[in-house]
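As structure tokens, the structure follows; a few thoughts come after it.
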Amino acid sequence: MEVDQTNAAVAMEVDEETCDQQFEALLEKAKDLETTSPDNAAQAYKDIIWNKADLEDPSGKGREKAVYALGEVMVKKNQAKELLQLAQDLRPIFEDFPKAKTAKIVRSLIDLLARIDGTRAQQIEMCTSFIDWCKEGKRNFLRQRIETRLAALLLEDSKYDDALKLLAKLLSEVKKLDDKLLLVEIFLIECRTHYAIKNVPKSKAALTACKTNANAIHCPPLLQADIDQWSGIISAREKDFRTSYSYFYEAFEAFNAADKSAKAKDNMKFMLLSKIMIGRPQETKAITLSKSGMKYVGPQIDAMMAVAKAHEERDLKKFEAVLAEYKAQLELDPIVNFHLTDLNETLLEQNILRILEPFSRVEIEHVAELMDMPHPRILQKLREMILDGQLNGTLDQGIGVLVVFEPEKIRSTYDNALTTIKNTSEVLDTLYGMAKKVS
């Protein structure tokens, strides 16, 4: 009996191996068509997927490989609509595959579509369609992961309310299942969403929850790098730039090791930003000239180096010229833009205070000329500095003059009075102590 079972198992393995070889042969022919006859390659892959040759494929490996290969062909040709239609057409075949394999194929199709530029709307459509399909088939595991992906897409599409509603529903479900890895991803997207709407306290709370769950599991390196990146962003928002630099460095090293050039470049840019905000722009050269840093030289890094040079020279005019020259690289990134705007205002305040040092009364127009800045901007900044207590003075706008007050000095009489009171108190304490001993 045992011999028969063993023979049957061996026979099944041989049959499966034969089937795999047959599918491999068909895949090779389809692969060759990509170069010899590109128009026929897609149809060849479709024939394999729908098993027109009527081959046995118990494991589904052959058809799975054909799906990925066809997806790659469509990505190369930027055929977003065709890829979206393929996702619809594959659903009957998914019934023949194990649920785990189906989940892998579905998520791979979404990833393939994401590689085509300008397809965010189609990605949202694909995710929404698959979510409805998962609900019909009660595939909750897959649905939750697609909904997490959808929340990230809604965030990128600036639909923050929709993203937060979806994340709140997901959190209530996933917390009951205690799926910590998925919770990490959800909390990280929630952190990014709250940051986008400038709710920093809630963003920080979501990041803390994300880290708590990540510490309880083995977190994938790239996901940990994303967590480090956002830890750096939150630390920078709280003006703790030394800590933020450490986080950005860790994230940069991880993305660089994984050849994720876009994310590595972003973190290198944030590293340079941290050095500039600390007040050490001269240290940025060592980062860009390092072995790993030289791989990512480009417009973004050039922009940050130009900012560092202008800041090192304390040249406000040059600083603003750099912001104008590299507007596309600096303003489009809200994180960099926020900090450089803050730095610009700080430099302006420092320059104003330095120019006002020899004056007790000066025309605002003269200050604007000395700084080579527009009069309205200087006037507005002087108002802000007076109201914030950074400048002790008043504006006489009737004649366009700034009156700078002398620093208030405490008269020596007050010092003497305080010293007398202190000495008297000490004498009384001594007398009280002596009286207690006598009594």
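The values are calculated or read from the model by the stated rules, or taken from the named source; none is laboratory data. Since we're looking at a predicted model, the values are computed, not measured. Every residue, glycine as well, gets a Cβ built from its backbone with ideal geometry; the counts of neighbours run over all protein chains shown.
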Open item on the list: Any residue at all in the stretch 166-181 that's modelled with pLDDT under 90 and crowded, with 20+ Cβ neighbours inside 10 Å?
Closed with: no
- [ ] Please give the helices (runs of 4 or more DSSP H) falling wholly within the stretch 325-439 in which 2 or more residues are in contact (Cβ under 8 Å) with a residue 40 or more places away in the chain, over 35 Å from the mean Cα position of the chain (by Cα) and surrounded by fewer than 12 Cβ atoms within 10 Å (Cβ to Cβ).
- [x] none
TODO: Please list, ordered by first then second residue, the pairs with beta carbon atoms under 9 Å, 6 or more apart or interchain, first in the stretch 96-115 and over 14 Å from K61 (Cα atoms), second of a type in the set (S, T, N, Q) and not in a loop (DSSP other than H, G, I, E, B).
DONE: I110/Q123; L113/Q122; L113/Q123; A114/Q123
- [ ] Evaluate the stretch 102-121: report whether one residue or more is over 33 Å from the mean Cα position of the chain (by Cα), buried (at least 19 other Cβ atoms within 10 Å of the Cβ) and within 24 Å of A25 (Cα to Cα).
- [x] no
- [ ] Could you tell me whether K239 is at pLDDT below 90 and not in a helix (DSSP H, G or I)?
- [x] no
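Return yes or no: is L316 at pLDDT 85 or above and farther than 18 Å from K285 by Cβ? Reasoning before the result, please.
On the way: at pLDDT 85 or above: no; farther than 18 Å from K285 by Cβ: yes.
Answer is no for this residue.
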Task: Flag for D266 being charged (D, E, K, R) and under 22 Å from R242 (Cα atoms) - done: yes
Open item on the list: Filter the stretch 294-323 down to the residues that are over 19 Å from T346 (Cβ atoms) and not in a helix (DSSP H, G or I) and list them by number.
Closed with: V297, G298
Open item on the list: Let me spell it out: the conditions are (1) crowded, with 21+ Cβ neighbours inside 10 Å; (2) within 21 Å of H311 (Cβ to Cβ); (3) among the small types (G, A, S), and A264 meets all of them except one. Which number is the exception?
Closed with: (2)
Open item on the list: Let me confirm something: among I227, I217, which residue is on the phi < 0 side of the Ramachandran plot, β-branched (V, I, T) and not in a loop (DSSP other than H, G, I, E, B)?
Closed with: I227
Task: Selection from the stretch 198-214 of residues that are surrounded by 15 or more Cβ atoms within 10 Å (Cβ to Cβ) and not in a helix (DSSP H, G or I) - done: N199
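Mind checking which residues of the stretch 258-283 are over 18 Å from I233 (Cα atoms) and touching a residue at least 12 places away in the same chain (Cβ under 8 Å)?
Across the stretch 258-283, the qualifying residues are A258, K260, S261, P281, Q282.
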TODO: Need at least 1 residues that are over 23 Å from T148 (Cα atoms) per element, so show me which helices (runs of 4 or more DSSP H) inside the stretch 26-135 make the cut, counting only ones lying wholly within it.
DONE: 38-49, 61-76, 80-89, 91-94
